[in-house]
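This report concerns only the one structure given below.
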Amino acid sequence: MHSEIGTLLSSTFGRLLEQQHPAAYARRALAADHDAQRALWKELADGGWLEAGSEAFQAEYGPGIQLMGEWAGRALLTLPYGASAFLANALLERAPALSDVVLDLAAHPASIRCDRNGDEQGWIDAYGPTAQYLRLSRQDQHWLLARYDPATLEAVQGLDPTVALARLHGPAVAQAELPAAQVLPVLQNHLVFLLAQLTGTAGASLDLAIAYAKEREQFGRPIGQFQAIKHALVDAWTGLDNSRYAVEALLAARAAPDPGLAALASRLAASASRRAVKLVIQVHGGIGFSWEHDAQLYLKRAYRLAIEAERLATLMQD
């Protein structure tokens, strides 16, 4: 019963994104304070979707979380939904005192960089001046959550053209310490959503390749009938399906953080997704390398999500 409710809920989430954020919309790379982005964020907030990282929501609709992540990946979502719902809001639930650090999420979408103490203040996804910019850093025996002034961010060139990139700069304007026991379960749930988003991005990309292989003809027949292409597509599909099972297992372990399983799921999803999006470019041939085709958008998003997921999994290790 819970699984059916979760599937229905994720379908509702998916329809919302399909209507207001089709994949082609990502080409516009709009800031969070743009009217279209603001309207979608308001629907997500008013609809209670920012509560998806809460314990009550996951206890009721747990299986739907993975599907929601895949919908976000398929839509090439250009809003920091995962970071806001599964990190910022989930941490607030466990530590209400963080309200001094985390601003109102309905008004200020949260972009979050996760790293270790001593790391250089690296890149963070930039969503404009109305977003809030947080850094979650692992210390020796605890974690530090800090907020930075958007005015101090320095723009940098990133791989993914659909989301702007910036570098954190200057001192934090607010910060608070958190014990590892509070952070690790939240971080693992956030990783689940991120890996599901990665798989959804690669899956949507692979759908493009499969459709193209059915219609593009060479030597009098569709190229999908040639074994070199057919077998490669099947292998890529199988790899993504295997990564889904790993993400599902990680979601089932949400009550107790499992760094080993987190690392395994991240490796499987990242490897399968990179393989799939590269294959999509190859199947499309010359057009796959063009700016006009969506294949390159999926490839760049998948690579960026894979890097982030692998870094999160590393942070969970002892």
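The values are calculated or read from the model by the stated rules, or taken from the named source; none is laboratory data. Just so you know, these numbers come straight off a predicted model, no measurement behind them. Cβ: placed from backbone, ideal geometry, glycine included. Neighbour counts: every protein chain shown. Heavy atoms of the whole protein, side chains included, go into the accessibility calculation; ligands, DNA and RNA do not. Shrake-Rupley method; radii C 1.70, N 1.55, O 1.52, S 1.80 Å.
Test residue 196 against the stated conditions and say whether it is modelled with pLDDT under 95, assigned by the TED database to the domain that holds residue 261 and open to solvent by less than 10 Å² (accessible area, probe 1.4 Å). Considered against the rule, which asks whether it is modelled with pLDDT under 95, assigned by the TED database to the domain that holds residue 261 and open to solvent by less than 10 Å² (accessible area, probe 1.4 Å), residue 196 comes out as no.
Checking residue 291 against (1) surrounded by fewer than 17 Cβ atoms within 10 Å (Cβ to Cβ); (2) in contact (Cβ under 8 Å) with a residue 24 or more places away in the chain, which test does it fail? Going through (1) surrounded by fewer than 17 Cβ atoms within 10 Å (Cβ to Cβ); (2) in contact (Cβ under 8 Å) with a residue 24 or more places away in the chain one by one, residue 291 breaks only (2). Of all residues in region 166-179, those satisfying the criterion of being of a type outside the set (Lys, Arg) and either open to solvent by 30 Å² or more (accessible area, probe 1.4 Å) or over 25 Å from residue 303 (Cβ atoms) (or both) are 169, 170, 171, 172, 173, 174, 175, 176, 177, 178, 179. Residues in region 235-285 that are more than 18 Å from the chain's Cα centre (by Cα) and not in a helix (DSSP H, G or I): 253, 255, 256, 257, 258.
Inside region 169-193, can you point out the residues that are at pLDDT 90 or above and either in a loop (DSSP other than H, G, I, E, B) or not aliphatic (A, V, I, L, M) (or both)? Steps first, answer last, please.
Of region 169-193, the ones at pLDDT 90 or above are 171-193.
Correct list: 171, 172, 173, 175, 177, 179, 182, 185, 188, 189, 190, 193.
Okay, residues lined up against (1) open to solvent by 10 Å² or more (accessible area, probe 1.4 Å); (2) over 16 Å from residue 168 (Cα atoms):
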position	(1), (2)
108	yes, yes
115	no, no
131	no, no
139	yes, yes
143	no, yes
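Just checking, which of 50, 44, 30, 76 is without any contact (Cβ under 8 Å) to a residue 60 or more places away in the chain and outside any helix (DSSP H, G or I)? Steps first, please.
On the way: 50 fails: outside any helix (DSSP H, G or I); 44 fails: outside any helix (DSSP H, G or I); 76 fails: without any contact (Cβ under 8 Å) to a residue 60 or more places away in the chain.
Being without any contact (Cβ under 8 Å) to a residue 60 or more places away in the chain and outside any helix (DSSP H, G or I) holds for just one of 50, 44, 30, 76, which is 30.
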